[in-house]
Amino acid sequence: MGTRPVTLCTAQWADVPFDELCVLAKKMGYDGLELACWGNGLDIDKALTDDSYVAWIKENLEKNGLIMKALACHIIGQCVGDLPDPRLDNFAPPALAGQPEAIQKWAVETMKKAPAAAAKFGVKIITGFTGSPIWRYLYSFPQTPEQMVEDGFDEIVRLWTPILDEFKKYGVVFALEVHPGEIAFDYYSTKKLLDKFADRPEFGLNFDPSHLLWQGITPHLFLQDFIDRVYHVHMKDAQVTLDGRSGLLGSHIDFGDLRRGWNFRSLGHGGVNFEEIIRVLNAAGYEGPLSVEWEDSGMDRIEGATEAAAFVRKVDFKPSTFKFDDAISNK
């Protein structure tokens, strides 16, 4: 069994009151939380203005024996770099609905505040999304000029540079979850983005194998190649189930529907090879959290997340401290 903390990403649990979620997370077997900054998760503005609120968060963590190594700002970050999109109304404050420019402004200002809020809890990592002004042009018809793609990456750099300045000020890093819908969604788009941010060590990755597997990317090879910029790790599984009718693009069918060509699965029920991932993490000396982002529309979430915590403890293992051949040496 390894020594890395097993944490729960609360993104899919933001409907549960925070104090109740702390009790539940401990009961399900977790060491800590990757706390989402929406719903019943962390209120960034309140954390910056109300010391009693900060104390309440800390108190609930402490009395349940939980740690907090990361905050999750996915839906806020998505609003920074996305195109005007009516779906963002679901992420932003209700008063901003139908106002894409106001939503983007809110998102930028909130992401600037996030590292200050993280510092209140001694948290050094914020996971999340960047959004993408060019995701809608993924399929190159009508034709997508190279300059349009280049401009999209440069727009993300422009939008995120002042945000990253605040991260640097507080000694906090941002870990992008490579994911469809983001400016970096696969291997080569990630490489391009990291090259753009080569001089910003506060910008790195939240490794999540589930989003790579169904695209045909081998997760542990991605991890190995980008390990120097991996600041946080999600444990999440997926399964490809192409049957001759289904496709990888999902047919606009909801997750969990068995007609889809792939679905997220509870840990150990999909196709991700977690042992190879652990071996890469061991070789790199990664000691951060293994954070379960539980998504499986075909399984009860409490049963599934409980099983997932146990799965991570079983699959994680310590690296060797000596070469086995040394034990049989005459010396």
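The values are calculated or read from the model by the stated rules, or taken from the named source; none is laboratory data. Remember, predicted model here, so these are calculated numbers, not experimental data. Using ideal geometry, Cβ is built from the backbone for each residue, glycine included, and neighbour counts are taken over all protein chains shown. Quick note on the areas: whole protein, heavy atoms, side chains included, nothing else; ligands and nucleic acids left out. Shrake-Rupley method; radii C 1.70, N 1.55, O 1.52, S 1.80 Å.
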Determine whether the range 122-135 contains at least one residue that is in a helix (DSSP H, G or I) and open to solvent by 70 Å² or more (accessible area, probe 1.4 Å). yes
Taking the range 296-312 and keeping only residues that are part of a loop (DSSP other than H, G, I, E, B), within 20 Å of the chain's Cα centre (by Cα) and surrounded by fewer than 22 Cβ atoms within 10 Å (Cβ to Cβ), one is left with Ser297
Condition set polar (S, T, N, Q) and not in a loop (DSSP other than H, G, I, E, B), scope the range 34-56, selection surrounded by the fewest Cβ atoms within 10 Å (Cβ to Cβ): answer is Ser52
Taking the range 153-170 and keeping residues touching a Pro at 6+ places or on another chain (Cβ under 8 Å) and open to solvent by 10 Å² or more (accessible area, probe 1.4 Å) leaves Glu155, Glu166, Lys169, Tyr170
Checked the range 188-216 for anything within 21 Å of Ile277 (Cα to Cα), assigned to a loop (DSSP other than H, G, I, E, B) and open to solvent by less than 30 Å² (accessible area, probe 1.4 Å); matches are Asp208, Pro209
Quick count over the range 64-99, residues being buried (at least 21 other Cβ atoms within 10 Å of the Cβ) and at pLDDT below 95, is 0
Among (1) more than 23 Å from Asp43 (Cβ to Cβ); (2) not in a helix (DSSP H, G or I), Lys168 falls short only on (2)
Considering only the range 320-331, I want to know if a residue exists there that is in contact with a Ser or Thr (Cβ under 7 Å, 6 or more places away or on another chain), farther than 19 Å from Gly32 by Cβ and either in a helix (DSSP H, G or I) or touching a residue at least 12 places away in the same chain (Cβ under 8 Å) (or both). no
Within the range 1-17, restricting to residues that are of a type outside the set (S, T, N, Q) and open to solvent by less than 10 Å² (accessible area, probe 1.4 Å), the one that is nearest to Gln78 (Cα to Cα) is Cys9
